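Reviewing the structure listed below.
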Amino acid sequence: MAIRTRGRAAWLGVVALALTLAVHGAAPAAPDAPSPSWAELEAAGAVIGEIRIVNENVFDTSNPKEDYLLFRWANALHIRTRPGVIRRALLFKPGDKVSARTFEETERNLRSDSYLYDVQFRPLAVHDGTVDVEVVTRDTWSLDLGISASRSGGASASRFEITERNLLGTGSTVGFGRTRDVDRSGNVFLFANERAFGTLASVRLSHASNSDGRSDAVSVVRPFYSLDARWSAGVSVSRFDRIDSIYNAGVAASQYRHRQRLGEAFGGWSAGLIDGWVQRYSLGVSVSDDAYATQPAVVAPARLPADRKLVGPFVRYELIEDRFDRQLNRNLIGRPEFFALGLAATVQLGWASTALGSSDDALLYKASIGRGFETGGEQTLTTAASLSGQLAHGRVQRQQAGAVLQYYRPQSPRWLLYAAAAGDLLTHPDVGDSLMLGGDNGLRGYPLRYQSGTRRALFTAEERFYTDIHLWQLFRIGGAAFFDAGRAWGGDNANAANPGWLSDAGFGLRIASTRTATGGVLHIDVAFPLTARADISKAQFLVRTKTSF
């Protein structure tokens with residue numbers, strides 16, 4: 001044991017000397033000496049010492065490409081993220097042993113925060129078996145003064161909002177705005193903080209006053225913030241009052257008023273990450289109360305959905321495999337992204353009881369499973385499936401099953417073939433339960449919600465191109481040529497005029513915002529329906545913002 005200890009100390013001494021020479025330039029060869037990796041430091045048994053937080057402004061004005069007056073003004077107006085906000089998100093602390101896996105998970109978590117553009121961890125110095133860590137982050141521009149308009153599937157939408165996504169550097173989001181889409185227009189308010197009040201609790205509040213009603217939601221949740229987290233708890237409540245529509249051939253054929261109240265409280269525990277796997281258990285109680293009514297001055301459906309109240313306890317089990325892959329130029333342009341390749345599964349069972357006020361005794365169930373595969377040559381295949389429904393009076397009700405496969409095949413650093421296939425099935429649905437297919441959900445050459453039914457299938461293929469253009473250091477540019485094919489059918493509300501398989505082809509431009517907290521990718525597409533009828537335009541022009549390519 002003493003021999004191993006001396007060997008470890010000697011190795012760390014060499015690392016420390018190399019770092020010292022690299023920093024101070026004491027020898028000609030030192031600048032080329034590489035810093036030790038976290039895996040090497042972990043193998044040497046290093047312990048974390050001081051943690052230094054360096055949060056950089058939105059633009060690096062020491063870089064000639066970003067040294068412009070407008071960017072300097074933006075930096076002067078921007079309030080940087082407070083070091084304590086970043087420190088609370090770290091999954092390591094002084095005294096912990098270095099773990100490369102923990103650094104990787106911390107990077108994934110921090111990159112999910114919209115107010116951060118970049119995240120790096122650097123070993124500063126190694127001394128006496130201890131390594132000091134520098135956490136370097138760069139902020140995004142977090143104030144969104146937004147006026148936007150989009151068009152998809154023949155329908156327009158617009159948005160005007162003032163949203164600050166990093167209020168006073170606290171990581172809080174506060175927003176006010178007005179939105180309009182094919183369903184409704186309204187004024188909205190949002191407050192959210194993923195690490196509120198100096199804790200790991202996520203708090204969200206939202207309110208919308210709409211043309212057809214209102215909606216409110218409040219949640220306070222302490223999540224399983226890491227794979228090794230040992231407990232979670234939370235409560236959430238929401239309600240809405242709105243007009244729902246039943247679509248046929250892209251037109252709202254009937255409408256009705258829908259009022260809903262939801263609530264959930266739960267607590268969960270876990271033994272943490274063991275041999276690359278995580279198991280989590282949760283107990284809770286949920287409330288779901290839906291009421292329906294006809295609406296004056298609109299066409300009502302032949303039959304309204306049945307009012308339904310479900311109250312009862314539930315138990316949830318989660319299984320997660322710690323296996324992630326870091327990639328570039330997949331769903332984003334020029335920014336790292338992480339694919340969950342390990343097995344992830346969730347099963348939840350609940351019991352709604354009339355003794356607790358439910359309208360029926362029913363078993364409530366939902367489950368999901370997903371896994372990714374690396375098939376060689378940097379090819380990636382991700383798979384996912386889900387199932388949810390109710391069992392009452394010996395009969396399955398409102399059951400929905402679905403599956404999706406996504407395939408990524410890089411052809412070069414700039415070109416990638418993407419393909420996806422998805423299918424869904426409804427069993428014994430209620431009125432208003434329907435699977436839609438059209439310009440707003442996958443079939444880009446057709447009007448929105450053009451087909452509907454109890455079965456749906458969709459196939460998409462895209463040839464994606466990622467340029468190295470970083471326009472004004474604000475936008476990255478890409479493009480795609482695509483083909484879609486799909487069909488929705490079955491049930492009482494199928495499109496009788498055009499019920500068969502539909503397909504389209506087209507091309508588009510992708511513009512990814514890199515320095516704003518809203519992020520997102522602007523899609524500008526032209527799609528041509530290949531099985532068009534007289535009631536469909538020969539070309540669909542779509543402009544919309546999505547979270548990915």
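The values are calculated or read from the model by the stated rules, or taken from the named source; none is laboratory data. These numbers come from a predicted model, not from an experiment. With ideal geometry, Cβ positions are generated from the backbone for all residues, glycine too; neighbour counts draw on all protein chains shown. We work out accessible area using only protein heavy atoms, side chains counted, and drop any ligands, DNA or RNA first. Shrake-Rupley method; radii C 1.70, N 1.55, O 1.52, S 1.80 Å.
Round to the nearest 0.05 the FRET efficiency obtained for residue 481 and residue 375 when R0 = 22 Å and r is the Cβ-Cβ distance.
Efficiency computed from Cβ-Cβ geometry: 0.40.
What accessible area, in Å² to the nearest ten, does a 1.4 Å probe give for residue 258?
10 Å²
How high is the FRET efficiency between residue 136 and residue 461 when r is their beta carbon distance and R₀ equals 41 Å, given to the nearest 0.05?
0.55
Show me, for region 430-438, the HN-Hα J-couplings you get by feeding each phi into the Karplus relation (A = 6.51, B = -1.76, C = 1.60, θ = phi - 60°), rounded to Hz, glycine and proline as x.
Taking θ as phi minus 60°, the curve returns 8, 4, x, 7, 7, 9, 9, 8, x Hz for region 430-438.
Pick out, from 477, 460, 516, the residue whose Cα sits farthest towards the positive end of the charge dipole of region 446-538, with +1 on the Cβ of Lys and Arg and -1 on the Cβ of Asp and Glu.
Positive-most Cα among the choices belongs to 516.
So what is the calculated 222 nm ellipticity per residue for the chain, using -39500 (n - 2.57) for each DSSP H run with n of 4 or more, over all residues, to the nearest 500 deg cm²/dmol?
-3000 deg cm²/dmol, from helical runs alone.
By how many nm would the segment from residue 354 to residue 367 grow when fully extended, if each residue of separation counts as 0.36 nm and the alpha-carbon distance is taken off?
Gain in length upon complete extension: 2.3 nm.
When semi-axes √(5λ) of the Cα gyration tensor in Å is calculated directly from the model, which label among (1) 38, 37, 24; (2) 45, 30, 24; (3) 41, 33, 25 fits?
After the calculation, the listed value that fits is (2).
Give me, ordered by chain and number, the residues 5 or more places off residue 516 or on other chains with an amide H under 5 Å from its own placed amide H.
Hits under the 5 Å cutoff: 141.
Using a simple spin-label model with points 7 Å from Cα along the Cα→Cβ vector, what separation in nm is obtained for residue 530 and residue 335?
Using points 7 Å along Cα→Cβ, the separation is 3.3 nm.
Treat every Asp and Glu Cβ in region 318-475 as -1 and every Lys and Arg Cβ as +1, leave all other atoms uncharged, and give the resulting dipole magnitude about the Cα centre to the nearest 20 debye.
Computed charge dipole of region 318-475: roughly 320 debye.
With θ taken as phi - 60° and the coefficients 6.51, -1.76 and 1.60, list the Karplus ³J(HN,Hα) couplings across region 482-491 in order, rounded to whole Hz; mark glycine and proline as x.
3J(HN,Hα) across region 482-491, in whole Hz: 9, 9, 10, 9, x, 7, 10, 7, x, x.
With every protein chain left in place and a probe of 1.4 Å, what is the accessible surface of residue 179, to the nearest 10 Å²?
That residue has around 50 Å² of solvent-accessible surface.
Mind checking the dipole of region 237-339: about its Cα centre, +1 per Lys or Arg Cβ, -1 per Asp or Glu Cβ, Debye to the nearest 20?
Magnitude of the dipole: close to 360 debye.
Which value, in Å² and to the nearest 10, is the accessible area of residue 299 when all protein chains are kept and the probe is 1.4 Å?
100 Å²
Got a sec to turn the phi values of region 103-119 into Karplus ³J(HN,Hα) couplings, 6.51 cos²θ - 1.76 cosθ + 1.60 with θ = phi - 60°, whole Hz, x for Gly and Pro?
Each residue of region 103-119 in turn: 4, 5, 5, 4, 4, 4, 5, 5, 5, 6, 7, 5, 7, 10, 8, 9, 9 Hz.
Do any trypsin sites (Lys or Arg not before Pro) in region 467-549 lie in a DSSP loop with no more than 12 other beta carbon atoms within 10 Å, and if so, which?
Here the trypsin sites (Lys or Arg not before Pro) that fit, given the DSSP loop and packing criteria, are 533, 538.
May I ask you to compute the full-extension gain from residue 231 to residue 283, defined as 0.36 nm times their residue separation minus their alpha-carbon distance, rounded to one decimal in nm?
That pair, residue 231 and residue 283, stretches by 17.6 nm at full extension.
Pull out a ≥ b ≥ c, the square roots of the eigenvalues of the alpha-carbon gyration tensor of region 298-420, then state rounded if a/c is under 1.5, prolate if not and a/b is larger than b/c, and oblate in the remaining case.
Judged from the Cα gyration tensor, region 298-420 comes out prolate (a/c at least 1.5, a/b above b/c).
How do 364-376, 40-52 rank on mean C-beta neighbours within 10 Å, highest first?
Going by the mean number of other Cβ atoms within 10 Å, highest first, we get 40-52, 364-376.
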